[in-house]
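Participant: This structure is in structure tokens; I'll ask about it shortly.
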Amino acid sequence: MNDNWINNPKLADIDKAKLEMLRSLASQGNTKGAGELLPFLLGAASQGKKSGMNFSASEISTIIDVLKAGKSPQEVQKLDKVIQLMKMIR
């Protein structure tokens, strides 16, 4: 994944520190295999909460929409599955 998504105008209202954290996570996540990705995301979410970095429902929805843009239907389906798993675990 490249960093082009972070420059999407839809993300303009999201705090730059939050976007930088997401960019860093995306970069780290690229090195994870399918079996490692969910534990990695859960750990990142936990760490974010501990540091006081919370995302509103609107911010999360916008970020997901941006990440889905230009993806194949299979990639969107995989992303949707990960999102559903995250919701079940929360």
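The values are calculated or read from the model by the stated rules, or taken from the named source; none is laboratory data. This is a predicted model, so every value here is computed, not measured. Here the Cβ positions follow ideal geometry from the backbone for every residue, glycine too, while neighbour counts run over all protein chains shown. Protein only, heavy atoms only, side chains kept; ligands, DNA and RNA dropped before computing areas. Shrake-Rupley method; radii C 1.70, N 1.55, O 1.52, S 1.80 Å.
Participant: Could you look at the chain and say what percent of its accessible area is carbon and sulfur, using a 1.4 Å probe and all protein chains?
Facilitator: Values: 3470 of 6300 Å².
Ligands and nucleic acids excluded, carbon and sulfur reach 55 percent.
Participant: Distance cut-off 19 Å, Cα to Cα: go down the list LYS18/LYS49; LYS50/LYS78; LYS18/LYS81; LYS10/LYS87 and report the pairs above it. Can you show the working numbers first?
Facilitator: Numbers: LYS18/LYS49 12 Å; LYS50/LYS78 27 Å; LYS18/LYS81 23 Å; LYS10/LYS87 23 Å.
LYS50/LYS78; LYS18/LYS81; LYS10/LYS87, as the Cα separations exceed 19 Å there.
Participant: So what is the relative contact order for the chain, in percent, with contacts set as C-alpha pairs under 8 Å and at least six apart? Don't skip to the end; give the middle numbers.
Facilitator: Working: 25 pairs, mean separation 32.3, N = 90.
Once normalised by length, the contact order is 36 percent.
Participant: Can I ask one more? Only one of the listed values, [x] 1.05; [y] 2.00; [z] 0.98, was derived from the coordinates as Cα Rg over 2.2 N^0.38 Å; which label is it?
Facilitator: The listed entry that was calculated here is [x].
Participant: Using a simple charge model, +1 on the beta-carbon of Lys and Arg, -1 on the beta-carbon of Asp and Glu, nothing else, what dipole does the chain show about its Cα centre, in debye to the nearest 20?
Facilitator: Details: 13 positive and 9 negative charges, 48 e Å.
That gives the chain a dipole magnitude of about 240 debye.
Participant: For the stretch 26-90, what is the accessible area per residue in Å² when the probe is 1.4 Å?
Facilitator: Details: 4580 Å² over 65 residues.
With the other protein chains kept in place, the stretch 26-90 gives 71 Å² per residue.
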